[in-house]
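The values are calculated or read from the model by the stated rules, or taken from the named source; none is laboratory data. All of these numbers come straight from a predicted model, not from anything done at the bench. Methodologically, a virtual Cβ is constructed for each residue, glycine included, from the backbone with ideal geometry; neighbour enumeration extends over all protein chains shown.
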């Protein structure tokens, strides 16, 4: 078919999408009362916030599914599962439920959500075999009772050395000030107190928070690469990464 005739056969919002004018396409879809398509057009622009705002008052299945896709792409898994729980069983909804369970590494739950579908069961089996080993953010924070150890656990040795060195220097200064306060002048106690409040307390607590954050970020990166591998090798990508 002639490309020009094919283009002219499209509705106006579809034509606007075809030429990349997604903002105008969204406006036309809204004029036609098609909220889900308007939100999808905005997502093509990367305007996730406005897309969610449009979908906030919609309870039709296409809108709920699109909103669940957005939540899953943002790792808001519990919110996505709440939405999907209100949708009747369907191919796409079931795939999204399975994806949510896989993202949580709940493989038995994913198998239940698959409803015996052989294709989905194959994806779940592959996901189980290739699942990455994750860091424990709680362990990273607890190990930071010795500053730097949490960063070493999270495979960031340079950050660990830095955290240990900074805390050691500040602790050394505090110890020296306490010693000088005892031996020379009590005013040195104030130096020790100020150093503790403004430096040691901050850096010591900061080392634990930093280690926990690093572990979470590394887990996110590992999971993203894992999901990309599943999408590439098994063709399973219901949210269109």
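Does the stretch 84-101 include one or more residues that are surrounded by fewer than 18 Cβ atoms within 10 Å (Cβ to Cβ) and closer than 24 Å to residue 216 by Cα?
Taking the stretch 84-101 first, the residues surrounded by fewer than 18 Cβ atoms within 10 Å (Cβ to Cβ) are 85-92.
Then drop every residue that is not closer than 24 Å to residue 216 by Cα, which leaves none.
Within the stretch 84-101 (the criterion being surrounded by fewer than 18 Cβ atoms within 10 Å (Cβ to Cβ) and closer than 24 Å to residue 216 by Cα), the answer is no, since none of the residues qualifies.
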>> What's the number of the only condition in (1) buried (at least 16 other Cβ atoms within 10 Å of the Cβ); (2) part of a helix (DSSP H, G or I) that residue 128 fails to meet?
In response: (1)
> Among the residues of the stretch 162-175, is there at least one that is under 27 Å from the mean Cα position of the chain (by Cα) and either farther than 16 Å from residue 208 by Cα or touching a residue at least 40 places away in the same chain (Cβ under 8 Å) (or both)?
Replying inline: yes
> Does residue 140 satisfy the criteria of being at pLDDT 80 or above and either closer than 30 Å to residue 104 by Cα or part of a helix (DSSP H, G or I) (or both)?
Replying inline: yes
>> So the check is Cβ under 7 Å with 6+ separation or different chains; which pairs have a first residue in the stretch 1-27 that's under 10 Å from residue 42 (Cα atoms) and a second one that's modelled with pLDDT of 80 or more and part of a helix (DSSP H, G or I)?
In response: 22/41; 22/42; 22/44; 25/41; 26/38; 26/41; 26/42
